[in-house]
Amino acid sequence: MMRWLTGERLLATAFAVLGLIFAVKAVELKYMDEFAPGAGFLPFWLALILVALVVGFLVSTRAAKPMETAPPVGRKVLAVSAGLVACVALIEWLGFAVAIAAYILYLL
(Lines give C-alpha, C1' and ligand atoms only; values in the text may rest on other atoms or scores of the structure.)
Protein backbone atom coordinates (compact mmCIF):
# COMPACT_ATOMS: atom_id res chain seq x y z
CA MET A 1 0.00 0.00 0.00
CA MET A 2 2.76 2.48 0.87
CA ARG A 3 4.63 1.73 -2.38
CA TRP A 4 2.44 4.11 -4.39
CA LEU A 5 3.11 7.07 -2.09
CA THR A 6 5.88 8.70 -4.08
CA GLY A 7 6.47 12.42 -4.11
CA GLU A 8 4.99 12.90 -7.57
CA ARG A 9 1.77 11.13 -6.67
CA LEU A 10 1.43 13.00 -3.39
CA LEU A 11 1.91 16.32 -5.18
CA ALA A 12 -0.59 15.30 -7.86
CA THR A 13 -3.11 14.41 -5.15
CA ALA A 14 -2.56 17.81 -3.55
CA PHE A 15 -3.22 19.46 -6.92
CA ALA A 16 -6.42 17.41 -7.29
CA VAL A 17 -7.62 18.62 -3.89
CA LEU A 18 -6.83 22.22 -4.87
CA GLY A 19 -8.67 21.73 -8.16
CA LEU A 20 -11.74 20.47 -6.33
CA ILE A 21 -11.61 23.42 -3.93
CA PHE A 22 -11.35 25.85 -6.85
CA ALA A 23 -14.25 24.14 -8.63
CA VAL A 24 -16.44 24.46 -5.54
CA LYS A 25 -15.50 28.12 -5.15
CA ALA A 26 -16.08 28.79 -8.86
CA VAL A 27 -19.63 27.45 -8.57
CA GLU A 28 -20.34 30.31 -6.17
CA LEU A 29 -19.49 32.81 -8.93
CA LYS A 30 -21.82 33.72 -11.77
CA TYR A 31 -21.45 31.11 -14.55
CA MET A 32 -23.09 33.04 -17.40
CA ASP A 33 -23.85 36.70 -18.04
CA GLU A 34 -26.33 37.91 -20.64
CA PHE A 35 -24.23 37.30 -23.74
CA ALA A 36 -20.93 35.95 -22.49
CA PRO A 37 -19.45 33.61 -19.89
CA GLY A 38 -19.44 34.97 -16.36
CA ALA A 39 -16.69 35.19 -13.80
CA GLY A 40 -17.09 31.56 -12.72
CA PHE A 41 -16.88 29.98 -16.18
CA LEU A 42 -13.13 29.83 -16.70
CA PRO A 43 -12.10 28.94 -13.11
CA PHE A 44 -14.66 26.13 -13.03
CA TRP A 45 -13.47 24.50 -16.25
CA LEU A 46 -9.79 25.00 -15.47
CA ALA A 47 -10.29 23.32 -12.09
CA LEU A 48 -12.07 20.38 -13.72
CA ILE A 49 -9.33 20.05 -16.32
CA LEU A 50 -6.73 20.05 -13.54
CA VAL A 51 -8.55 17.27 -11.70
CA ALA A 52 -8.91 15.26 -14.93
CA LEU A 53 -5.18 15.60 -15.66
CA VAL A 54 -4.32 14.47 -12.14
CA VAL A 55 -6.61 11.46 -12.44
CA GLY A 56 -4.98 10.59 -15.77
CA PHE A 57 -1.54 10.91 -14.24
CA LEU A 58 -2.43 8.74 -11.26
CA VAL A 59 -3.92 6.06 -13.52
CA SER A 60 -0.91 6.08 -15.84
CA THR A 61 1.60 5.81 -13.00
CA ARG A 62 -0.31 3.10 -11.16
CA ALA A 63 1.27 0.33 -13.23
CA ALA A 64 4.71 1.95 -13.40
CA LYS A 65 7.50 0.41 -11.43
CA PRO A 66 8.94 2.65 -8.70
CA MET A 67 12.54 3.73 -9.17
CA GLU A 68 15.01 1.99 -6.90
CA THR A 69 17.34 4.97 -6.53
CA ALA A 70 17.33 8.43 -7.98
CA PRO A 71 19.97 9.05 -10.64
CA PRO A 72 22.83 11.26 -9.50
CA VAL A 73 22.75 14.90 -10.50
CA GLY A 74 25.19 15.51 -13.31
CA ARG A 75 27.81 18.23 -13.53
CA LYS A 76 25.97 19.98 -16.35
CA VAL A 77 22.85 20.40 -14.22
CA LEU A 78 24.90 21.82 -11.38
CA ALA A 79 26.76 24.17 -13.75
CA VAL A 80 23.52 25.49 -15.27
CA SER A 81 21.97 25.92 -11.81
CA ALA A 82 25.03 27.73 -10.49
CA GLY A 83 25.00 30.04 -13.51
CA LEU A 84 21.32 30.81 -12.94
CA VAL A 85 21.93 31.63 -9.28
CA ALA A 86 24.81 33.91 -10.26
CA CYS A 87 22.64 35.57 -12.92
CA VAL A 88 19.87 36.31 -10.45
CA ALA A 89 22.39 37.63 -7.91
CA LEU A 90 23.97 39.95 -10.50
CA ILE A 91 20.76 41.35 -12.02
CA GLU A 92 20.52 44.28 -9.62
CA TRP A 93 24.21 45.15 -9.91
CA LEU A 94 24.65 44.71 -13.70
CA GLY A 95 21.10 45.26 -14.89
CA PHE A 96 18.68 42.79 -16.41
CA ALA A 97 19.88 42.90 -20.01
CA VAL A 98 23.58 42.55 -19.20
CA ALA A 99 23.05 39.78 -16.62
CA ILE A 100 20.82 37.76 -18.95
CA ALA A 101 23.23 38.26 -21.86
CA ALA A 102 26.11 37.08 -19.68
CA TYR A 103 24.10 34.04 -18.58
CA ILE A 104 23.27 33.13 -22.18
CA LEU A 105 26.93 33.48 -23.15
CA TYR A 106 27.84 31.29 -20.17
CA LEU A 107 25.37 28.65 -21.35
CA LEU A 108 26.77 28.73 -24.88
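The values are calculated or read from the model by the stated rules, or taken from the named source; none is laboratory data. Computed from a predicted model, the values in this text were never measured in an experiment. Note that we place each Cβ from the backbone using ideal geometry, even for glycine, and neighbour counts take in every protein chain shown. The protein model used for the area step is the full one, side chains on, heavy atoms only, and it has no ligands, DNA or RNA in it. Shrake-Rupley method; radii C 1.70, N 1.55, O 1.52, S 1.80 Å.
So the values come out like this:
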item	result
Count - residues of the stretch 7-21 that are surrounded by 14 or more Cβ atoms within 10 Å (Cβ to Cβ) and not aliphatic (A, V, I, L, M)	4
Residues that are modelled with pLDDT of 90 or more and among the β-branched types (Val, Ile, Thr), drawn from the stretch 1-26	THR13, VAL17, ILE21, VAL24
Tally, over the stretch 22-41, of residues that are open to solvent by 80 Å² or more (accessible area, probe 1.4 Å), touching a residue at least 12 places away in the same chain (Cβ under 8 Å) and assigned to a helix (DSSP H, G or I)	3
Residues located in the stretch 61-79, provided they are modelled with pLDDT of 85 or more and either among the hydroxyl-bearing types (Ser, Thr, Tyr) or in contact with a Phe, Trp or Tyr (Cβ under 9 Å, 6 or more places away or on another chain) (or both)	ALA79
